[in-house]
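Worksheet: one structure, shown below.
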Amino acid sequence: MHVPFRRIPTEKLIPKNSDDYVDTGLLANLECLSWGNPLILKGPKGTGKTLSIEEYCAKHSIPLIRLNCNSETDSSHLIGRYLMAGEEVFFSLGAITTAIDVANEEGGAVLCLEEINTLRPEMQSAVFSVSDYRQSVEDPASGKVFRTLDACRLWVVGTMNPGYGGTYTLNEALRSRFDYFQVPYMDTESEKRVLEDALSTPPGVSERRMINGIINIAKETRGGKWEYALSTRDLVHFINTYEKFGREETGLQKSLKMLEWKLDAEYTDDFRARVESAFRVNLAEVNPLGG
């Protein structure tokens with residue numbers, strides 16, 4: 001009996017360019033490395049790994065199939081599963097099989113396995129055959145093999161942050177299939193530009209000082225002694241919050257307080273000391289429910 005396949009429509013898989021994207025050189029490297037060996041972007045959270053992949057695909061109108069991996073990811077997410085709708089039985093494609101099907105339809109596609117190192121060891125093997133010369137995967141339930149056509153291309157990309165909890169060591173067989181590219185935090189000038197651009201109007205002198213101060217604090221948290229490192233994404237959220245509070249002194253205080261809440265209690269005093277030195281704000285006295 002023929003069982004139909006279902007997946008996300010291709011037109012919904014092509015990302016759009018982001019006006020907020022700031023290229024720090026990663027995009028040019030993706031251009032050079034694209035359609036070559038499978039690639040893992042390795043680096044701390046919030047450094048634009050996934051956003052750069054999206055931007056590359058948007059620039060070239062390439063379908064992007066993304067899977068947010070975690071310890072619960074199984075073959076139904078990667079390969080697919082049988083489902084019923086009324087009396088109809090169909091096979092719902094997973095991320096890998098969707099990527100192969102889209103690549104065959106469009107001539108090319110990118111498969112992005114986010115936080116690939118959160119895949120359980122027994123699930124890592126499911127990525128073997130799609131990330132080597134075979135460019136294929138087998139559905140164990142039906143025995144059907146999904147593979148890219150000779151004239152079609154599938155580029156497999158992963159992201160990983162080694163500092164995350166709940167991660168596993170990639171086994172040697174999977175690690176050997178991928179090239180690695182280390183993505184560091186942005187340089188100071190690029191990070192300043194990102195935060196300034198996050199404001200709805202150009203920053204004044206005091207706001208430029210604020211941005212310099214919060215970047216300096218973030219750099220200290222990234223040194224490895226704190227349990228949480230403030231990423232560029234965290235700082236953009238800080239700027240967004242400051243703007244929502246009206247770009248006033250009380251808004252600055254509340255936004256700093258919200259950053260404090262990201263940290264475990266044992267680091268609160270250190271963070272407050274840095275904030276008081278940089279901003280002359282005593283976070284112990286800030287009442288977030290106040291006016």
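Annotations for the structure displayed:
- About its Cα centre, the dipole of region 1-128 is roughly 200 debye, where the only charges are +1 on Lys and Arg Cβ and -1 on Asp and Glu Cβ.
- Other residues within the sphere of radius under 13 Å centred on the Cβ of T148, judged by their own Cβ, net out at -2 (K and R +1, D and E -1).
- Which of A173, N104, T10, positive extreme of dipole for the chain (C-beta unit charges): A173
- Summed residue charge, Cβ within 13 Å of S136's Cβ, Lys/Arg positive, Asp/Glu negative: -2
- Between K144, K262, K16, the residue with the greatest mean-square fluctuation in the GNM of the chain (Cα pairs under 10 Å linked by springs) is K144.
- The share of Cα pairs per 5 Å bin across the chain, counted from zero up to the longest distance, runs 1, 5, 11, 14, 14, 13, 11, 9, 8, 6, 4, 2, 1, 0, 0 percent.
- Ordering D150, D270, D101 by the number of other Cβ atoms within 10 Å of each residue's own Cβ, fewest first, gives D150, D270, D101.
- Each Lys and Arg adds +1 at its Cβ and each Asp and Glu adds -1 at its Cβ; summed about the Cα centre, the chain shows a dipole of about 160 debye.
- Spatial extent of region 1-67: Rg and Dmax, with the Cα atoms as the point set, Å: 14.5, 52
- Positive-end residue, the chain charge dipole about Cα centroid, Cβ charges, pick of V127, T24, I40: T24
- Net +/- balance of residues flanking N287 in space, Cβ distance below 14 Å, scoring K and R +1, D and E -1: -1
- Percentage, to the nearest whole number, of Cα pairs in region 139-247 over 22 Å apart: 56 percent
- Cα centroid separation, region 29-53 to region 192-262 (Å): 26 Å
- Relative contact order, percent, the chain [alpha-carbon distance under 8 Å, six or more residues apart]: 19 percent
- Exceedance of the 20 Å cut-off in Cα-Cα distance is limited, within the set K45/K254; K16/K42; K225/K262; K42/K192; K45/K244, to K45/K254; K16/K42; K42/K192; K45/K244.
- Placing unit charges on the Cβ atoms of the charged side chains and taking the dipole of region 188-285 about its Cα centre, the candidate lying farthest along the positive direction among W261, T221, L195 is L195.
- Anisotropy class of region 103-190 from Cα gyration tensor, a/c 1.5 cut: oblate
- Relative contact order (percent, whole number), region 188-285, Cα cutoff 8 Å, 6+ residue spacing: 23 percent
- For region 33-154, relative contact order (Cα pairs under 8 Å, six or more residues apart, normalised by length) works out to 27 percent.
- Sites S200 and W226, calculated FRET efficiency, Cβ-Cβ separation with R0 35 Å, nearest 0.05: 0.70
- A273-A141 pseudo-label distance in nm [points 7 Å out on the Cα-to-Cβ vector]: 5.7 nm
- Nearest-20 debye value, region 188-285 charge dipole, Cβ charges on Lys, Arg, Asp, Glu: 220 debye
- Per-residue ellipticity at 222 nm from helix content only, as computed over the chain with -39500 (n - 2.57) for each DSSP H run of at least four residues, stands at -11000 deg cm²/dmol.
- Cα→Cβ-extended label distance, 7 Å offset, between E285 and E31, nm: 5.3 nm
- Efficiency of FRET from Cβ geometry, N17 and R209, R₀ 30 Å, rounded to 0.05: 0.40
- Pairwise Cα distances in region 188-285 exceed 18 Å in 40 percent of cases.
- Take the Cβ atoms of L149 and M258, set R0 to 45 Å, and the FRET efficiency comes out at 0.35.
Values quoted throughout were computed directly from the atomic coordinates according to the rules given, and no laboratory measurement underlies them. The structure displayed is predicted, hence computed values, not measured ones. All Cβ positions, even for glycine, are placed from backbone atoms using ideal geometry, and neighbour counts span all protein chains on display.
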